[in-house]
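Contents: one structure, followed by commentary.
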Amino acid sequence: MSVIMDGKKLASSIRMELKEEVNKLRKQGIIPKLAVIMVGDDKASKIYVNNKNKACEEVGIEYEEYLLPEMTKIESLIDLINALNNKDDVNGILLQSPLPNHLDINMAIEKISPKKDVDGFHPINVGKLSLNQDCFLSCTPYGIIKMLDAYNIQIEGKNAVIIGRSNIVGKPLAQCLINRNATVTICHSKTKDMKEITKRADILISAIGKPNFVTRDMIKDDAVVIDVGINRTSEGIVGDVSFEDVENKVSYITPVPGGVGPMTIAMLMNNVVKAAKNKIII
């Protein structure tokens with residue numbers, strides 16, 4: 001019988017702990033604040049931004065939202081980022097993706113102060129992660145590691161396979177797992193004989209955005225399966241993993257929704273609180 005990993009419950013527990021930390025910071029005159037920038041009118045982004053706002057409210061983090069029109073020029077976006085970098089009361093800056101096609105997201109991210117880069121996407125934080133130094137970790141990989149730890153799932157010495165090599169999940173997650181002494185393989189669209197690779201995985205993570213891509217014949221008995229995919233279909237939201245097909249073959253599995261998603265937002269809150277605490281240290 002597999003264990004369904006309850007990311008929603010775990011994230012709620014983490015938010016409660018963070019709320020206590022925020023209360024302590026407030027007593028020291030430090031009020032954590034997150035500034036979110038969204039360009040354009042992407043419906044999915046609006047939902048994500050609203051969820052972040054609700055999480056901030058629950059934890060006690062102040063929240064500022066900057067909604068920019070679709071045709072905003074890169075110069076205007078960078079001017080706003082620079083202004084937020086210089087605002088002493090703003091601890092974290094989040095640039096909601098995707099951006100409109102005419103904007104270079106990498107250029108914009110590089111303008112965010114690494115000390116306020118609570119998404120963990122700035123090249124300095126990415127570099128520090130590869131060196132296993134203290135940094136802001138990307139929120140989804142961070143949430144996955146937290147979840148594995150919460151369920152006492154051993155990482156060290158295990159074969160971990162990640163399907164997907166994005167800068168947001170696949171690559172930073174691979175580095176997180178390497179830092180925890182796992183043996184890591186990344187599969188992607190050019191991988192040959194992917195099934196033969198995934199069947200050797202003790203821990204299998206899928207982050208490619210293809211509904212029900214991972215099936216029973218791709219997984220070995222008693223593997224741990226982490227499903228990062230959030231795919232909107234005519235039948236509702238489903239993950240990358242065919243849940244009902246594989247559930248009784250694995251030892252642990254995350255559901256969609258209610259698995260990795262809530263943990264991602266919880267780790268964003270964690271990073272904002274960390275940024276506020278770093279301010280005291282500095």
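For this structure, a couple of remarks:
- Selected residue (only one of ALA275, ALA201, ALA266 is under 30 Å from CYS135 (Cα atoms), over 21 Å from the mean Cα position of the chain (by Cα) and of a type in the set (A, V, I, L, M)): ALA201
- From the options GLY120, GLY127, GLY143, residue that is under 25 Å from ASP227 (Cα atoms) and either free of Cβ contacts under 8 Å to residues at least 40 places away in the same chain or not in a loop (DSSP other than H, G, I, E, B) (or both): GLY143
- Flag for LYS195 being free of Cβ contacts under 8 Å to residues at least 24 places away in the same chain, in contact with a helix residue (DSSP H, G or I) (Cβ under 7 Å, 6 or more places away or on another chain) and of a type in the set (D, E, K, R): yes
- Taken over the range 146-170, the criterion of being among the charged types (D, E, K, R) and without any contact (Cβ under 8 Å) to a residue 24 or more places away in the chain is satisfied by ASP149, ARG165.
- Residue within the range 140-154 that is among the basic types (Lys, Arg), crowded, with 16+ Cβ neighbours inside 10 Å and over 17 Å from the mean Cα position of the chain (by Cα) present: no
- Scanning the range 239-259 for residues that are surrounded by fewer than 18 Cβ atoms within 10 Å (Cβ to Cβ) and under 18 Å from the mean Cα position of the chain (by Cα) turns up PRO257, GLY258.
None of the figures in this text is laboratory data; all of them are computed from the coordinates on show. It should be emphasised that the depicted structure is a prediction, and the values quoted were computed from it without experimental measurement. No Cβ is skipped: glycine too gets one built from the backbone with ideal geometry, and neighbour counts run over all protein chains shown.
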